Structure formats: C-alpha cells, structure tokens
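Here's the structure, in structure tokens; my notes come after.
Computed from the coordinates by the stated procedures, all read-outs in this text should not be read as laboratory data. Only a predicted model underlies this, so the values are computations on that prediction, with no experimental measurement involved. Counting neighbours? That spans all protein chains shown, and the Cβs are built from the backbone with ideal geometry, glycine included.
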Amino acid sequence: MARQDHLCMKDTKQQLGSQSNSASNSSRRAFVAALATGATAGLAGCGGSGDGGSPEQTGESAGSGPQLDQHVRFYRGDTARTGAFPDRTGPDSAVSESWSVSLDIPRGARIRGHPFAAGGSVFVVSRKTLHAIDPFDQSVRWRVADGSFRGSLAVVDGSLYAPTRGSEVRVYDTATGEKQWQYETRDKVQNAPAVRDGTLYHASYSVGGQGKLAAIDVETEREEWETEYNYGGGVTPALTDERVFYVGDNARIVAATLDGESDWEFLGTYEKKAVSVGGGGVYFVRDRQGGRGYLDEQDASVVALDADEGNKRWRFDTGNEEIAGAPAVGSDAVYAASGNSVYRIDSETGESDWTATLSGGVRTTPMLYGETLYVTSGGEALVALNKADGSERWRTEAPTVGSHEPVLVDGTVYLAAGDALRAYS
C-alpha cells in the first residue's frame, strides 16, 4: 500500500548552543571535497504530529567549508550494524579533550545516540533539537527544534533521515537543514532508519504492541512494501546486499529479501535487544530473563545464526544480567560488552578467547576501528583495547554518564555524553 508524504515548514522556537576550546585545533586536517545534495522537497501538505521545524542558520553552509575525509552515516557505522571500520585507524597513544560544544537543551535532558558525520558536519540529536556542528571551528552550522527527535539517524547523498518520537521519518538537507520531505507511518517510529540502493527501511510500532517494517522509495517518496508482525520490541533492522533482518511475530528473528518476502525465521526467546550481521552470521543479544524454545536459560546471551539458512551456530552466556548492545562484528570474531567485561568471541566456535575487565563497568557496546576497540567505562574513562588480546592501549578521563558509542573520524574520537559533544585527539 503506497501513501503520500507530507512537507510542512513552520517556524519553531530554536535553541542555542555554546562552545569551548580546550586545546589548539591547528593540527586538525581539513579536506575539501564535493558534498552531494539530496532530492528536493516532497509533496505538499501537512499531517501527523509536528511540522518538522524550520532550520536556524547559525554558520556557513556545510557544503562551502572544509570537509571530513571519513564519515559515519548509519547507526553503528553501516546498515548491517556491525560497529566495525576495518580500514580506519585512530590514535596510538592516550588522547586528550581538544574541544567541546555544550548544547542548550532542557535540564535533565541529554544527547540521544552516538554522533554521525558526513560532508562538513558532525550531527547530534537531543530530545528536542537536531544539530549540525562544524568540527573544524566548533560552530553550530544549523539546528532544527521541534521537540520529538529520536537519537539514531541515517545520512546518505546529502540527505539526513531523522526518526521522531511521533509517527514520521523526516528528511533534511545536510548542508542547510531545510526539510526535503517526510514519511508518515501512522505508528511510532522506533530506532534507526537505513537507506540502501535508494530505499528507506524503518521499523515502527503501535501502542497495542504491533510492529511494522516498511520500505519507501526515496525518489518517489512512496511506500514499496510493508510487513506487520506481533511484536513491538523495536529492534533496529539490519541490512546486507541480499536481505533485511528484523524481529517479527512472537519475537522471531526474520530474514527477508529486500522486496519483503520472508526467507527464514528463527524462534529463540521472547526478548531480543539488538541485531548485527557480518561474515555470514547474524548475531542477536538478549538480557537475563525467561524465554521459550531454544534459549530458555537465564543468563544474558549473544547468539549466532547462519545468515543463509537461519540455523543456530552457537550461544555465548555472559553470566551477567544484561549486554550493552549489538556486538561489533570483525573478520573472525565478535566483541560484546556485559557488566564489567568486554569479550572476544570466536565467530566459528562461540568460544571466548579473552575477557577484558574494566572498573566501574562498561557503558557502551564496543566499536571496532582497525585493530582497536573503543568503549566507555563507568570509571569515567574513554578506553581503547587491543582487539588481539584485550590489553589496554590507552585510556583518558572523560564524562561517560549518559554516553554513547565513541565515533572515530579523521583521527579524532567524538563522544556524545550528557549535553555535550566532545572531541579527543
């Protein structure tokens, strides 16, 4: 069933941001490249909750200044949610805070989700505002405030896809913040969108607990297909070149073709927290609780399935109550965080080769950059671990309460925590 989308541009109250520099930025590289621009505005009319807001321009266009050489376009790096950048390397020794930008957001609120980066901006989301920050001079290029954004974005071909806590996915121009179009779901949009080969994929859920996965053509702004299921857990879908993986009826892991046809299903437990895909495997995690079927044990677990057939490969129990999120997927292992520990789990055997223990617990699921894992700890530290043996490469003091996964771009580590975006180099 195809439906039209709505464009709505009204003035909203804008929020201000402030910045501080704690170190010289003279060593920061500036790359100049062409910034692709997205499609023009969609169909006229207004509908759903909120109008999407009008951008407040506070700096030069993101397409006219220095550009980032590397990007983070999707939640956990790619549409497969691997959390891995095998060709990206970071600092060899301990970093220090280079600068921070504090965002004027309501007291008690905080940034939602890890930073995203593309073109000339780093993008972060607070509860009420979408911000585009210049990483070269720390100015806020533009902001859109309307009070309903979620934390995970997608940035593709000059367009930024932003889910809301209402019933829309809104699409903005990355350079200016102007809204291009929006898609209305009739349900609450849940978690991170993905865009692949001109199609937007997103999951939503209703108040009654019904879930829905939909695919929308980004050129025509019309729905290609949708599938409904009896599960409102809101697990972010993961995509590969051939399939989309999501949590469907009765919390089954479902693999479907990119045109929405179900390929296989796996019933393991009623509660699933996150999914990532790579190296021929599908990995999902669940926290400690009762379940059904193959996974009726109580420990928090990482489970591996065969991506082609859906057969269970192995289950790794952490012995803890919860797992921080989807594991990072490397070439021959996955990396998960639970309690005070980070685990390397062999992709073939499901056995743990090493365990690294961090004081204060691990706050974020690992991100893998080259040979190094990045996490934040409850000991108020940003920590880099050697992926080969779990030894600590370096750590630096950092505010980690409310922190999200560290993002590495052009040799700089970006960390969103509380009400501020911080850069470490």
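Evaluate E = 1/(1 + (r/R0)^6) for residue 259 and residue 331, where r is the Cβ-Cβ distance and R0 equals 35 Å; express this FRET efficiency to the nearest 0.05.
After rounding to 0.05, the efficiency reads 0.75.
Put +1 on the Cβ of every Lys and Arg and -1 on every Asp and Glu Cβ in the range 293-372; which of 338, 361, 325 then has its Cα farthest towards the positive end of the dipole?
361
In debye, nearest 20, what is the charge dipole magnitude of the range 316-425 about its Cα centre with +1 on Lys and Arg Cβ and -1 on Asp and Glu Cβ, if you could check?
380
Would you order 394, 99 from fewest to most other beta-carbon atoms within 10 Å of each residue's own beta-carbon?
The fewest-first ordering by Cβ neighbours comes to 394, 99.
List 306, 78, 197 from most exposed to least, where exposure is judged by having the fewest other Cβ atoms within 10 Å.
In increasing order of surrounding Cβ atoms, one gets 197, 306, 78.
Residue by residue through the range 136-144, what is 3J(HN,Hα) from phi via Karplus (6.51 cos²θ - 1.76 cosθ + 1.60, θ = phi - 60°)? Round to whole Hz and write x for glycine and proline.
Along the range 136-144, the couplings run 8, 10, 6, 7, 8, 5, 7, 8, 10 Hz.
Take 389, 87 and order them by how many other Cβ atoms sit within 10 Å, fewest up front.
In increasing order of surrounding Cβ atoms, one gets 87, 389.
In nm, to one decimal, how far is the residue 394 label point from the residue 371 one, both placed 7 Å along Cα→Cβ?
The two pseudo-label positions are separated by 1.5 nm.
Calculate the spin-label point distance for residue 207 paired with residue 96, positioning each point 7 Å from the Cα along the beta-carbon direction, and give it in nanometres.
Each label point is offset 7 Å from its Cα along the Cβ direction, giving 5.4 nm.
Can you list the residues of the range 338-368 with backbone N under 14 Å from a point 7 Å past the Cα of residue 380, pointing along Cα to Cβ?
Residues 360 qualify, since their backbone N sits under 14 Å from the label point.
Taking amide hydrogens as modeled 1.01 Å from N in the peptide plane, which residues meet the under 5 Å criterion relative to residue 310, leaving out close sequence neighbours?
Answer set, sorted by chain and number: none.
Report the paramagnetic label zone for residue 104: residues of the range 164-198 whose backbone N is under 16 Å from a point 7 Å from Cα along the Cα-to-Cβ axis.
Hits in the range 164-198 for residue 104 at 16 Å: none.
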